[in-house]
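Worksheet: one structure, shown below.
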Amino acid sequence: MTGPVDERRLVEGREETLRKCYRVLEAYGKVYGAERFAECKSCHWVTSCGLRFVKSMFMVLEELASKDLKSRVPLTANPRPPQTSIPLVEKLVGRYLYSKQGRLESLLLRLGLIDPDAFTCTPYYIGNKPSYGDILAWAESSAVIYANSVLGARTNRNSSIVELLSGVTGETPLFGLLLDENRKADWLVEVKTSSKPSPFILGSLIGKSVLDGVPYIAGLDRWEFEEYELKDMGAAMAVWGAVGLFHAEDLTPEAVENGRKILRSDHKVLRVGDEELSKMKREMEAKAAPGKPDLAIIGCPHLSREQLDFFARELSEAELKTRTLLLAAPKIAREFKSTKLYSKLRDAGGDVDSFCPLMLTNIPTSKRLKILTNSGKLSYYSHAAFMDTPQLLSYLRGE
């Protein structure tokens, strides 16, 4: 494979390790038909939990760090495992399960993490925000689809380790969603609902229907669809299917630039009305467990500051029926905790944290907990029961 390889990087003491990085990236690229490398502008690391049973990942990280190699581009990481704000049993089991967390964070800092608290699935909210057309090496599914769709950057849904090697070399194999041809839409999704659709439910339906396709979504411009709603809709698409890119008519940059010219001539059509959304909602709600919930989690993916303020206002006026955690990037959560609104939220029975809720539900003892969420991602991957946002807020307020 060819590309902008700078041989001056292969300096004494690092040469063999860098050559290993290139060999891995070249082998990875060849699997997908890549013939050359492209310059990489940003890296987001996905395996952010220090699992005590993992060995090979640490071997790679330690070799890179021992040679004083660092990411040549902005490097952020997925959220940490839960450390506070959870029941004592899960806290103790989690400390055992994720006992290498400190070691992992130390290594990531040595490898160029932009900040000691740069642990979030929404890196674009904390300084790792690529520009339109930038080529990236990201792996987290919700971040990948956001970068491709909402920002118009270009990244594949890479494997763990691959994204970091791309950051260290400053190059990534050129294939998949990095190429113009593969960013064309092969589905036209016509949204014809009578009211504004739930982002998580609509995203889940689209993902389930188009699988790994590229949908062009028409009809959302009838409502004010916010940036964070596109974020949540995309996160659901990425787990209920394997969607890495969507275009939303008059909303996302490539759709604004190209319009329906971005549709392939042989595209398929998916029509979404009230009946289809209702059916999807019933499917998502099907695993609700009987009995009083122990915990409600809002923020998978992590909330924007605007979302955090909204949910805190909605939940701070009455005593909450169930303990509720709002999750956001550490920087956003820290800033919010200095506000009077945070104090009101705490008084009502809510709190703010920054962990990955999937790492809570991966703790074996957590299966005893009845968890509610409005997230189409968390409910898909775990035993957490789904409840759409308006219903969840009403339930938590005891209405």
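All of the numbers you see were taken from the coordinates with simple rules; none came from a lab. Being a predicted model, the structure only gives us computed values, none of them experimental. Neighbour counts are summed over all protein chains in view; Cβ atoms, including those assigned to glycine, are modelled from backbone coordinates with ideal geometry.
Annotation for the range 184-288: GluC sites (Glu not before Pro) lying in DSSP loop with at most 11 further Cβ atoms inside 10 Å of their Cβ are E224.
Stretch V269-D186 to full length: gain in nm at 0.36 nm per residue minus the Cα-Cα span?
On the way: separation 83, 0.36 × 83 = 29.88 nm, distance 0.87 nm.
Length gained, V269 through D186: 29.0 nm.
Note that the range 287-396 carries a Kirkwood radius of 13.9 Å, evaluated over its alpha carbons pair by pair.
With a cut-off of 12 Å between beta carbons, the residues surrounding D232 carry a summed charge of -2, where Lys and Arg count +1 and Asp and Glu -1.
By the rule of a C-alpha distance below 16 Å, with chain neighbours fewer than 8 residues away ignored, the lysines paired with K287 are K279, K367, K370, K377.
Does the chain come out rounded, prolate or oblate by the C-alpha gyration tensor, with a ≥ b ≥ c the root eigenvalues, rounded set by a/c under 1.5 and, if not, prolate when a/b is larger than b/c and oblate if not? Each step should come with its number before you reach the end.
On the way: a/c = 2.00, a/b = 1.19, b/c = 1.68.
Oblate.
Relative intensity of the range 105-153 on a log10 scale, I(q)/I(0) at q = 0.30 Å⁻¹, equals -1.18, per a Debye sum over C-alpha point scatterers of equal strength in the absence of solvent. Positive contributions from Lys and Arg (+1) and negative ones from Asp and Glu (-1), summed over other residues with Cβ under 11 Å from the Cβ of V46, come out at -1. Under a 5 Å amide H cut-off, with hydrogens placed 1.01 Å from N, K268 pairs with W187, L188 among residues at least 5 apart or on other chains. Does the range 184-281 come out rounded, prolate or oblate by the C-alpha gyration tensor, with a ≥ b ≥ c the root eigenvalues, rounded set by a/c under 1.5 and, if not, prolate when a/b is larger than b/c and oblate if not? It is rounded, given that a/c, with a ≥ b ≥ c, falls under 1.5.
Past 23 Å, Cα to Cα: identify those pairs from K196/K261; K192/K231; K55/K208; K208/K281, in the order given. Among K196/K261; K192/K231; K55/K208; K208/K281, the Cα-Cα distance tops 23 Å for K196/K261; K55/K208.
Could the peptides 15-27, 149-161 be put in order, highest first, of the mean number of other beta-carbon atoms found within 10 Å of their residues? Intermediate results must be reported in sequence, preceding the final value.
Details: 15-27: 15.7, 149-161: 22.5.
Top to bottom by mean Cβ count within 10 Å: 149-161, 15-27.
One compactness figure for the range 7-178 is 1.04, namely its Cα radius of gyration divided by 2.2 N^0.38 Å.
Could you grab the relative contact order for the range 260-380? Cα pairs under 8 Å, six or more apart, rounded to a whole percent. It would help to have the intermediate numbers written out before the result.
Values: 137 pairs, mean separation 38.4, N = 121.
RCO, the range 260-380: 32 percent.
Take every Cα pair under 8 Å whose residues are at least 6 apart in sequence, average their separation, divide by the length of the range 313-371, and the relative contact order is 41 percent.
When you restrict to C-alpha pairs under 8 Å that are six or more residues apart and normalise by the size of the chain, the relative contact order lands at 17 percent.
Coupling constants for the range 119-126 follow from the phi torsions by the Karplus curve (6.51 cos²θ - 1.76 cosθ + 1.60, θ = phi - 60°), and in residue order they are 10, 6, 8, 10, x, 5, 8, 10 Hz; glycine and proline get x. Sparsely packed loop sites in the range 217-253 (the chymotrypsin sites (Phe, Trp or Tyr not before Pro) outside DSSP H, G, I, E and B with at most 15 other Cβ atoms within 10 Å) comprise W223. Taking each DSSP H run with n ≥ 4 as -39500 (n - 2.57) and averaging over every residue of the chain yields -11000 deg cm²/dmol at 222 nm.
Kindly provide the trypsin sites (Lys or Arg not before Pro) of the range 224-308 that DSSP labels as loop, not H, G, I, E or B, and whose Cβ sees at most 14 other Cβ atoms within 10 Å. Show your work: numbers first, answer last.
Numbers: sites: K231, R260, K261, R264, K268, R271, K279, K281, R282, K287, R305; in loops: K287.
Sparse-neighbourhood loop trypsin sites (Lys or Arg not before Pro): K287.
3J(HN,Hα) couplings calculated from phi for the range 184-195 with the Karplus curve 6.51 cos²θ - 1.76 cosθ + 1.60 (θ = phi - 60°) are, in sequence order, 6, 7, 10, 9, 9, 9, 9, 8, 10, 7, 7, 9 Hz; Gly and Pro show x. Distance from the C-alpha centroid of the range 152-228 to that of the range 55-126: 26 Å, rounded to the whole angstrom.
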